[in-house]
Structure formats: C-alpha cells, structure tokens
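The values are calculated or read from the model by the stated rules, or taken from the named source; none is laboratory data. Treat the numbers as computed from the prediction; the structure is a model and nothing was measured. Here the Cβ positions follow ideal geometry from the backbone for every residue, glycine too, while neighbour counts run over all protein chains shown.
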Amino acid sequence: MSINIHAIRAIYRFEMARTWRTLMQSVISPVISTSLYFVVFGAAIGSRIPEVGGISYGAFIVPGLIMLSLLTQSVSNASFGIYFPKFSGTIYELLSAPISYLEIVISYVGAAASKSILLGLIILATARLFVPFEVAHPVWMLLFLVLTAVTFSLIGFIIGIWADSFEKLQVVPLLVITPLTFLGGSFYSIDMLPPFWQTVALFNPVVYLVSGFRWSFYGLADVGVGLSLAMTMAFLVAALAVVAWIFKTGYKLKV
C-alpha cells in the first residue's frame, strides 16, 4: 500500500500553521508557566531541600517539568486537532477523501507530537536560565522525548474522537493526566516516599516516563531504564491498538 505523502503533508502543514496563529497559547503560555515552576519550586522551595541523589533540587525537577508540559501539551494539541473537524463537520469530508486512516493518524499525531517536542526543547533551553545542568545521555533523552510525545499525542487523538463537547475535551487532561504527572515523581523521587506509597506509585504509568527521562539527564532513576523504555513502548502499542479499533469500528466517526 502506497502512502499519500501529499495528503499527509497538507494536513501536517495546516496543523503546524495553527501553532503559529496561536503562538501565545501554544508556546509562550506553557513556557511562562513552566518558568514560574522553576521560580517557585527551584528557587523558593529548592533552597530548603537538600540535594536529591547528589543533584541539586532545581536541576532534579527539570526533567519532570519538561515531562509535565510534554504530556499535557501532547494530549491537548492532538485532541483539539481532531475534535475541531468533528465540531465543524469537516471530518466527513476528510473521511470521504482519498486518504487512508493511517495517513490521517500520521498527519494529526505527527503534527501534535512535533509541537510538543518543539515546546519540550524550548523549555529545556529556558531551564538553563534558571539552573545549571547537563544531559548525560542526549540520544536517550531525545528517544524518550519523541516516544512520549507520540504516545500521548495518540492518547489525545483518542480523547478528541471520544469527546462530543469542549468540556469533555478537558476532562481527561485535567482530572487524569495532570494529577498522574504531579504524583509521578516530577517533583520528587519515589524513594523519598514510605514503602507502602512507593508500591502504590509503581502503578502510576507516568512514574516510568519521568524516571526514564530523568535517567537520560543524570543517570538517576526510580526504576530501571530498561523497564521505563519497555513501559513507554507498551503504552505506545496500547494507544495504537485503540486507534486502530476506532477506525475499524467507526466509533464516534460514522453516523
């Protein structure tokens, strides 16, 4: 089966162009919000917390804050990207066009992931203005960045198809993704928790994402990097399976 590169490029460029039209919401606002986290947690609170695993607290939270923005923005970008055609009714023109479901997913998820990766790199550069740090394994850092962005863009794509109102579009990011990220070791090591809560934390999927990403910076992890990578791939495969089922059954797409 040949891939319609022209269709993918057209949708991808349209979605990326929306980023520049909404630059304040898409890029500037998340960067400012993350900078405030650095000021509050890194400077104000960090001065009262000793080093974590030999890493200053300000530097320790850098991977967690990047991951927090990456997860929320991936879900938000992908969910709104596919929901708006549903809301406006243009989704039916897309479904009847000579473009496969695979090409639709590649276009929308690729654009959402690209935005999130770009934002993550901007936040990474911004973090250097607040705390000194080094990336011990840059290739692994980029790998985790790309895999996480694609996985959660797929999850956002699923949410965008499932939602039938703008309120539902915000339910999962606000009530599920953000709390899991805050409780997933973004601002602390789970080794600092009592034994019972350490066990509970291991059921939080975000722990594996944050841990693997932090390892790529400092060689410091709450769980083994192999397990983090395996769990990330498992989430990716699960999201792909759900997307495949949606297009196979026409769930929320066909009247």
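Can you name the residue in region 207-232 that is among the β-branched types (Val, Ile, Thr) and under 20 Å from residue 134 (Cβ atoms) and, of all such residues, is surrounded by the most Cβ atoms within 10 Å (Cβ to Cβ)?
210
Please work out which residue is farthest from residue 68 (Cα to Cα), limiting yourself to region 201-255 and to residues that are among the β-branched types (Val, Ile, Thr) and in a loop (DSSP other than H, G, I, E, B).
255
Residues are listed down the side, and each one gets a yes or a no for (1) out of contact with any Gly (no Cβ under 6 Å at 6 or more places or on another chain); (2) closer than 20 Å to residue 73 by Cβ:
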residue	(1), (2)
173	yes, yes
179	yes, yes
184	yes, yes
190	yes, no
193	yes, no
196	yes, no
204	no, yes
208	yes, yes
212	yes, yes
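Enumerate the pairs (first residue in region 60-84 and under 28 Å from residue 48 (Cα atoms); second residue anywhere and in a loop (DSSP other than H, G, I, E, B) and of a type in the set (A, V, I, L, M)) with beta-carbon separation below 7 Å, excluding pairs fewer than 6 apart on the same chain, so at least 6 apart or on different chains.
Correct list of pairs: 62/131.
Of all residues in region 233-245, count the ones that are surrounded by 14 or more Cβ atoms within 10 Å (Cβ to Cβ) and either closer than 25 Å to residue 57 by Cα or over 21 Å from the mean Cα position of the chain (by Cα) (or both).
Within region 233-245, residues that are surrounded by 14 or more Cβ atoms within 10 Å (Cβ to Cβ) and either closer than 25 Å to residue 57 by Cα or over 21 Å from the mean Cα position of the chain (by Cα) (or both) number 0.
Residues are listed down the side, and each one gets a yes or a no for (1) crowded, with 19+ Cβ neighbours inside 10 Å; (2) touching a Lys or Arg at 6+ places or on another chain (Cβ under 8 Å); (3) modelled with pLDDT under 95:
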residue: 152; (1), (2), (3): yes, no, no
residue: 162; (1), (2), (3): no, yes, yes
residue: 166; (1), (2), (3): no, no, yes
residue: 173; (1), (2), (3): yes, no, yes
residue: 178; (1), (2), (3): no, no, yes
residue: 199; (1), (2), (3): no, no, yes
residue: 202; (1), (2), (3): no, no, yes
residue: 205; (1), (2), (3): no, no, yes
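Any idea how many residues of region 85-100 are in a helix (DSSP H, G or I) and surrounded by 15 or more Cβ atoms within 10 Å (Cβ to Cβ)?
Number satisfying all stated conditions: 6.
Could you check, for region 44-52, whether at least one of its residues is within 27 Å of residue 223 (Cβ to Cβ), crowded, with 17+ Cβ neighbours inside 10 Å and in contact (Cβ under 8 Å) with a residue 12 or more places away in the chain?
Yes, there is a match, as at least one residue in region 44-52 is within 27 Å of residue 223 (Cβ to Cβ), crowded, with 17+ Cβ neighbours inside 10 Å and in contact (Cβ under 8 Å) with a residue 12 or more places away in the chain.
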